[in-house]
Each structure stands twice: as structure tokens, then as C-alpha cells.
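A.B. asks: Have a look at this one.
We did not get these values from a lab; they are worked out from the coordinates using the rules stated. Just so we're clear, the structure is a prediction, and the values are computed from it rather than from any experiment. With ideal geometry, Cβ positions are generated from the backbone for all residues, glycine too; neighbour counts draw on all protein chains shown.
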């Protein structure tokens, strides 16, 4: 099938969700569902007032982790122990800020950034869950050091991956430290707006001057997630809406209809959806679960239900990816797309088995949404979630960039 005409049908109406998720604490969250299927044909508007913290974690998530860890309850305690054992989560971490980050080409140094982001995020988690000032101070030192130093991200095409991946991740740590004494939030916002957003925006508009279907779904997704995170951090409704609109209607492979081009209803009792990168390899396919998952979780915490959009199309893809990576068979349809600047046709005729079964900390977020928040039968997602629990984070899955494509610690922060 040509990528200029993606399969976008669905067999279930969209469940839209516009009322804000408000969680005052305790061990459970109240879920309000409103709106209508008719209203789902256009992107929902950004909330009139953004919820903070309201990216990957809301106050309910944080309070639940606090209470459960303090009580010594599993699986939260096991997740906490993974966090505290990670070298990046130590309050002695020293930031190594750079004026210019390079990913791709000569002089690459982007590993300095993703290691420091992991440290900022993990120390921010320790501050939020345990209230240890040393960790809050460490997170703020890292955030302030970079916002006072970083002025550009460059390199070959991979600079767009750096701006996307590290944009949405960096914003998570800042959101968790919002209001902390000594944190220069305004300067951090300026860095996000001036260094990260222009590259995020340019990629979605121009795709590095290539055919719009040339780049894999993850390229779009990380830049969409960065734009959404920057919108939330900066209370910028236009940027938030930009990300939501692209998810629903974008022309690149990160939009939901192109990221999940083929649907397979009722395969052994479960609806499945083929992921755009499934013919490539499984490492990047599982990465996609983390990138789209982060986008959906951020939107959820601001009152927008992308998880359920288009008949829960993303859930079908996650079930498909989980099932295959658990060692089971899934259907596969030849995937064809336009590549390069000329949109020359390329095809993948079989599913890619490379990196099959690779562990990445992306599944807890998905299972605890579909299986626990919504009480749906997410058989394969659940099996994958528990087979890799408790989840760690950056530094627990190797030293190369793939181990830092997701922030992790979902067992600690999402278990319900």
C-alpha cells in the first residue's frame, strides 16, 4: 500500500476526554470522561489552564509512589530500589553542560546531554518521592547549568533526533522541579523555546527537505513529544495544540494513521495494529511504544485522550508489538513508502526480527493505563510489562543512546 494513502479506518468510535484529570493524592485517581465522538473529528483545544505537574507525572502519581514506598509495598518498593541503585540518581552527580550539542557527524558529544538529563530526572524523582533536599538540589544544579550554557544543537540529520528526544525528556525534569528554591524556571523555558523548539518545529514542517515519509515514525514522535512538553512547561496552548493536531492529522509517519498503517481485528481474540517500523527491527519498534506512550501520557494529564483516539489504534499497535516480542507470531502486510528527496518507493515484505525481545522500560506506562485505568484486557502488553518489571531507567539498559531513549521507572510511578 502506498504511504500516500494510509489505512486509517477503525472499528471502534473514539472515546474523547476533555475534562481535566485532577488528582489530589492518595492511591487512586478519579477519571472523568466527557465529550462526544462527533467532537473527535478535530483536535481538542489546549486546556484553558494547564495542570502542573502535568507531563509524565501528576500529583496523584507522585503521592501514590510516596505512600506506597514509605509503606514498603511492592511493586513500588522494587521500582524505588531500582531508582536508588542507579548511578545517575545519586545527589553527587556533576553536570557537564556544553554550549553546543552535536549528534551526527564530527565531534559528537550528545552523550553528555542524555546522561545529565537522566541524572536530573532521576534526582527529581527522588526529591518528589522521598523529599530529600540533596536530590532536589542536584536536579536543580543540572537544570540551571544547562540553561545557562546550551545555545545550539547541531550535527547531521540526527540533530533532529537530539532536539526531539532530549527536548521532551529535559522538560520532564524541569516540570518536576517547578517552584523549587533556586531553580531558574524562566531561563530554562527560554532555552527550550530558543534551542529545542525551532528544530522540533522545522522537522515537522520540512522533514530535513526529504520526502515526508522518508523518516521513521520515531523521528516525528520525539519532536511531537518535545513540542507538547514545551507547550505544557511554558503554558503555551498553541504549541500543545500543534502536537495534538499532528498526532491526529500530520502528514509524516508519526501521525497515528501512518504510525499504525494496518489493522488486524480479532486475531486470536485481540485487535492488533502493525507498527510503521515493524519491518525494520524490534529495537526501534519498541522505542516507538515509548515515544508515542510519552506523548499520550502527557496529553492525558492535560485532559486530552490520545490513548483512545481512532478506536484505540495505539493500543492495537502496542498489543501487536508486545505479542511479537514475547516470541509469538503476528500478521504482517508489506509496507511501502517514499524515501529520499525523490520519494523513491521502498518496501519491506516481512517483519523485522532484529533485536526481537529487546528490553526497554516503556511497558509499565502502557499497561497501567489500558489495563488498570481503563480496565481493558491488554493481554500482551500486560505480559510484556510484568516480564521486564521492575523497570529501571537511563543507565540500566546499556551506555549507548538507545538505553536513554526513554526515562523509565514506570513500575515506581505508574503501578496501580
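A.B. asks: 222 nm [θ] for the chain, helices only, -39500 (n - 2.57) per DSSP H run of 4+, per residue, to 500?
C.D. replies: Rounded to the nearest 500, it is -13500 deg cm²/dmol.
A.B. asks: Under 10 Å, Cα contacts only: if you run a Gaussian network model on the chain, which one of 87, 387, 342 comes out with the highest mean-square fluctuation?
C.D. replies: Among 87, 387, 342, the largest mean-square fluctuation in the Gaussian network model of the chain belongs to 342.
A.B. asks: Can you run the Rg to Rh ratio on region 155-234? Use alpha carbon positions and the Kirkwood inverse-distance Rh.
C.D. replies: Checking Rg against Rh, the ratio lands at 1.03.
A.B. asks: While we're looking at this one, here's another question. Give, in whole angstrom and from largest to smallest, the semi-axes √(5λ) of the equivalent ellipsoid of region 312-365, with λ running over the eigenvalues of the Cα gyration tensor.
C.D. replies: 25, 14, 12
A.B. asks: Now for a separate question. Based on other C-beta atoms within 10 Å, arrange 108, 277, 206 from fewest to most.
C.D. replies: Sorted ascending by nearby Cβ count, the order is 206, 108, 277.
A.B. asks: Run the numbers for residue 416 and residue 145: contour at 0.36 nm per residue of separation, minus the present Cα-Cα distance, in nm.
C.D. replies: Extra length available between residue 416 and residue 145 comes to 94.0 nm.
A.B. asks: Still on this structure, please answer the following. Throw me the Rg/Rh for region 45-115, computed over C-alpha atoms with Kirkwood Rh, two decimals.
C.D. replies: When Rh is taken as the Kirkwood radius, the ratio is 1.13.
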